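S.K.: Structure incoming, see below.
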Amino acid sequence: MSLESRYYYEEGIILFKKKIGEGDLLLTIYGKEKGKFFAIAKGALKIKNRLRGKVSIFSVGRGHFVKRREVDLLISWESYEKFLEILEDVDKFILISDYIRRADKFIPLEVKDLVIYSYFYDFLKSWRLIDRYLGDVFLIKLLQRLGYMGKLELKCKKCVKDLSKNDYMYFNLRDNVVYCEECKDIGSVKVDLREVMEFNEILDKTFDEIVREKYINSLDNLNLIGRMIERIEQEV
Ligand SMILES: [Zn+2]
């Protein structure tokens, strides 16, 4: 490997940091070009280190890295935005970290996806508004992007009856389909037409749009969405 190609710059968001060894940090970064990747910030916790205090969690910025056979090294980091207010608000920090940790489970290593990058960025940018509902919306958008979730067709999977005029239907979490009263199987749960339509609307909008409009805010909907996310999380 030539000397030149060992070094590179990457813009990204620091999603996690973990102390390793003697004062080093293992960072999980979502990069614009690289997607999710790991990097070590050597000596970042030591007093006289140029990285000290710079690599804070949720920091959005540009790093200079050196390639290594295993985990790349971060040489320097310049923050554009630090979101330090999130770190100071304990409840928000816990809520936001929880959703980022849940999202992380689904994200493959080193697959570039600017849409996912923007979801993380929009999620952090909207931190003041984030509650359980918007956290769930964030996960749904991410799962949709990664191919785990799609819109629900308002037709009974078995008899093909149109269910768009029915007040309720039966939703099968395992297969992500709906049934009519007559065709429902064991394990399907009764859901309101409204819940299903709201779910479909989330898939039609961008995360940012939903945040801006605070589009829907019903607790009923949280039920269905919460269950769907849990179901998928069990499998990964
Ligand atoms: Zn049916």
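The values are calculated or read from the model by the stated rules, or taken from the named source; none is laboratory data. The structure displayed is predicted, hence computed values, not measured ones. Reconstructed Cβ throughout: ideal geometry from the backbone, glycine too, with neighbour counts over all protein chains shown. Note: areas computed on protein heavy atoms with side chains; ligands, DNA, RNA excluded. Shrake-Rupley method; radii C 1.70, N 1.55, O 1.52, S 1.80 Å.
S.K.: Among all residue pairs at least 6 apart or on different chains, which show Cβ distances below 8 Å where the first residue, located in the range 75-96, is assigned to a helix (DSSP H, G or I) and the second is of a type in the set (Lys, Arg) and open to solvent by 70 Å² or more (accessible area, probe 1.4 Å)?
M.R.: As it stands, the answer is Lys92/Arg128; Leu95/Arg132, since those pairs meet every condition given.
S.K.: Continuing with the same structure: With respect to the numbered conditions (1) on the phi < 0 side of the Ramachandran plot; (2) in contact (Cβ under 8 Å) with a residue 60 or more places away in the chain; (3) not charged (D, E, K, R), which one is the sole condition not fulfilled by Ala44?
M.R.: Among (1) on the phi < 0 side of the Ramachandran plot; (2) in contact (Cβ under 8 Å) with a residue 60 or more places away in the chain; (3) not charged (D, E, K, R), Ala44 violates only (2).
S.K.: Taking the range 151-175, which residues are away from the ligand (no atom under 15 Å from the Cβ) and touching a Gly at 6+ places or on another chain (Cβ under 7 Å)? First the steps, then the outcome.
M.R.: Step one: filter the range 151-175 for residues away from the ligand (no atom under 15 Å from the Cβ), giving 151, 167, 173-174.
Matches in the range 151-175: Arg174 only.
S.K.: Test Gly187 against the stated conditions and say whether it is out of contact with any His (no Cβ under 8 Å at 6 or more places or on another chain), more than 14 Å from the ligand (Cβ to nearest atom), of a type outside the set (D, E, K, R) and more than 30 Å from Leu95 (Cβ to Cβ).
M.R.: Details: out of contact with any His (no Cβ under 8 Å at 6 or more places or on another chain): yes; more than 14 Å from the ligand (Cβ to nearest atom): yes; of a type outside the set (D, E, K, R): yes; more than 30 Å from Leu95 (Cβ to Cβ): yes.
Spelling it out, Gly187 is indeed out of contact with any His (no Cβ under 8 Å at 6 or more places or on another chain), more than 14 Å from the ligand (Cβ to nearest atom), of a type outside the set (D, E, K, R) and more than 30 Å from Leu95 (Cβ to Cβ).
S.K.: Considering each of Asp89, Asp104, Asp122 in turn, give the residue that is away from the ligand (no atom under 16 Å from the Cβ), surrounded by fewer than 16 Cβ atoms within 10 Å (Cβ to Cβ) and under 11 Å from the mean Cα position of the chain (by Cα). Can you show your working first?
M.R.: Values: Asp89 fails: under 11 Å from the mean Cα position of the chain (by Cα); Asp122 fails: surrounded by fewer than 16 Cβ atoms within 10 Å (Cβ to Cβ).
It is Asp104.
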